[in-house]
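The values are calculated or read from the model by the stated rules, or taken from the named source; none is laboratory data. Keep in mind it's a predicted model, so treat the numbers as computed, not measured. As a convention, Cβ positions derive from the backbone with ideal geometry for all residues, glycine included, and neighbour counts pool all protein chains shown.
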Amino acid sequence: MYKVFIISLLLFFSCDYERNNPVVNSNINFTNIVTNSAVRDFVVIENFNAGDFHYNAINHSCTQGYDLNNDGNYTGISGPLDCYGFWCEWDGGSCNDIDRDVIAVANDEAGLYLYEIIDGVFNPNEIYFRDLIEFAGDGELDIELRSIYYAENHNTLYMLDKFEYIYNLYLPPVISEYNNFPEEHDCTLPSEETLEYLQCGQFDHATKFVVDEGNPNTPHQLPFEMFILYKENLNTDSSISESFSEVRRYWYNNNPNGDFNSSPVCDNAINFDYGCDDDVQSPLISSLNYGVTDLFYNSFNNQNRLFVANPSKDFYSVNLYYYDPLGGEVAFKNNLLTPEKVNTIYAHENYLISGMKDMGCYITLLNEHGISSNLFDKLHIAEDFSVYDIYYHEQDNKLLLSCGSNGVLVYNWDGESLSVDVDKHILSSYAFTAKLHEGMIIVGTENGIEIY
């Protein structure tokens, strides 16, 4: 018997019903957070606290008080009344930064939700919500959030609106404002009607993006580059003869965190000083199949790898490119041919994982030659399942495969070999994506977030 707890924004109730798990023959308790739309993606931000903000996003220090003249001299904390704001807490003797585990949820049509996980328990009361995100221009609002990424080095969320733009949101001030601490920050809040979006020349049909953050070999002040998959078809551009996909880069010319005098992220002006591959004739990767389904970026042992799924219209495959961040160029290395369409790709250290339609996953060794072609360097798992998303939790050695109507498959894997065994099969609602956090398996489903 499974106990189900449904928590919506307006209603709380519980019920019991039978579910069959073919792998684990035991009861599983799970919680469902109803977010009024399908959850296509989410990101967990661990230990999110003011001490890690890269700019003085709040106008005081939890541990030292206010710096009234921006000269490094603080007023100090004399008692609990000085311990002010969403990001600070008084422990009876001192004021400290609060370590928060925050989950940012991309709801397909309902917008952005932020929740907090407190002592391993998912709090159903959101700490931030926004549904007015997209720039409609002369069209209608039809937000469809498909993927989300949190940039730790400038405390900013990036969200993809299907086949349109990638939007950004600087988190510290909007969370303070939403939780009734408007005096805690001095930043400029985004417009109530729309968020700022990334614009690379004339290109506005983004379908995927991946990020290289923290690369020590970057030529930019902030080690942050985004690789964006753009698509064009005969409906979006009548001048072309054939539909196609291409990959372009986006970066910031200067550090958007700024300094104590000015800060682009805090001033809601992050998009004014950027660079990208905006030359129509010069994308990073050109002439790709319109049916490209996924991108993945992996950096390991000084090798920067960019993977593209289904780059050819003639056969199913995954291409591997080596990326040179100093030169801003890629070089095709080799590819992996697959018997079925590749839905999703993931790489960990020296292994590529390719999730296919109706044929599970290949785990394939990456070596000095690129993607190994040796049959002994390849493992086939989850046969007969369609895999739509892949996630690996290195600390717990768990590999999670999101399989749509077949729920989530969980494997034990050390990330360093082809030794894999099944841990459990979770029969969730239709699963788009899944991640592991402090022993909880969090699943983004057609019915919202489910937690096991």
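Any idea which of I133, I148 is over 24 Å from A50 (Cβ atoms), among the β-branched types (V, I, T) and in contact (Cβ under 8 Å) with a residue 40 or more places away in the chain?
Every option except I133 fails the conditions.
Could you say whether any residue in segment 319-330 is on the phi > 0 side of the Ramachandran plot and assigned to a strand (DSSP E or B)?
No, segment 319-330 has no match at all.
Could you check S241 against (1) crowded, with 18+ Cβ neighbours inside 10 Å; (2) free of Cβ contacts under 8 Å to residues at least 40 places away in the same chain and say which number it fails?
(1)
Could you check segment 257-289 and list, in sequence order, the residues that are farther than 15 Å from P173 by Cβ, without any contact (Cβ under 8 Å) to a residue 60 or more places away in the chain and surrounded by 14 or more Cβ atoms within 10 Å (Cβ to Cβ)?
Within segment 257-289, G275, P283, L284, I285, L288, N289 qualify.
Residue check, E116 against (1) of a type in the set (D, E); (2) within 19 Å of F42 (Cβ to Cβ); (3) more than 17 Å from the chain's Cα centre (by Cα), all met but one. Which one?
(3)
Checking I345 against (1) under 25 Å from A38 (Cα atoms); (2) free of Cβ contacts under 8 Å to residues at least 40 places away in the same chain, which single condition isn't satisfied?
All conditions pass for I345, except number (2).
Which of the numbered conditions does N69 fail, given that it passes all the others? Conditions: (1) without any contact (Cβ under 8 Å) to a residue 60 or more places away in the chain; (2) within 19 Å of N180 (Cα to Cα).
Among (1) without any contact (Cβ under 8 Å) to a residue 60 or more places away in the chain; (2) within 19 Å of N180 (Cα to Cα), the lone unmet condition for N69 is (2).
Hey, could you check segment 168-202 for residues that are more than 16 Å from Y150 (Cβ to Cβ), buried (at least 19 other Cβ atoms within 10 Å of the Cβ) and touching a His at 6+ places or on another chain (Cβ under 9 Å) and say which is modelled with the lowest pLDDT?
Looking at the filtered set, the residue picked out is E184.
Given segment 74-138, what strands (runs of 3 or more DSSP E) lie entirely inside it while holding 1 or more residues that are surrounded by 18 or more Cβ atoms within 10 Å (Cβ to Cβ), touching a Leu at 6+ places or on another chain (Cβ under 9 Å) and not hydrophobic (A, V, I, L, M, F, W, C)?
Details: elements: 88-90, 95-97, 100-107, 111-118, 121-130.
Passing ranges, in order: 100-107, 111-118, 121-130.
Could you go through segment 215-232 and let me know if any residue there is over 25 Å from T188 (Cα atoms), in a strand (DSSP E or B), polar (S, T, N, Q) and in contact (Cβ under 8 Å) with a residue 24 or more places away in the chain.
Within segment 215-232, not a single residue is over 25 Å from T188 (Cα atoms), in a strand (DSSP E or B), polar (S, T, N, Q) and in contact (Cβ under 8 Å) with a residue 24 or more places away in the chain.
Determine which single condition L81 fails, assuming it passes every other condition in (1) touching a residue at least 24 places away in the same chain (Cβ under 8 Å); (2) out of contact with any helix residue (DSSP H, G or I) (no Cβ under 9 Å at 6 or more places or on another chain).
The single condition L81 does not satisfy is (1).
Name the pairs whose Cβ atoms lie under 9 Å apart, with the first residue in segment 356-381 and under 18 Å from V308 (Cβ atoms), the second β-branched (V, I, T) and part of a loop (DSSP other than H, G, I, E, B), and 6 or more positions between them or separate chains?
So the pair list comes out as M356/T338; M356/V387; K357/V387; C361/V387; Y362/T338.
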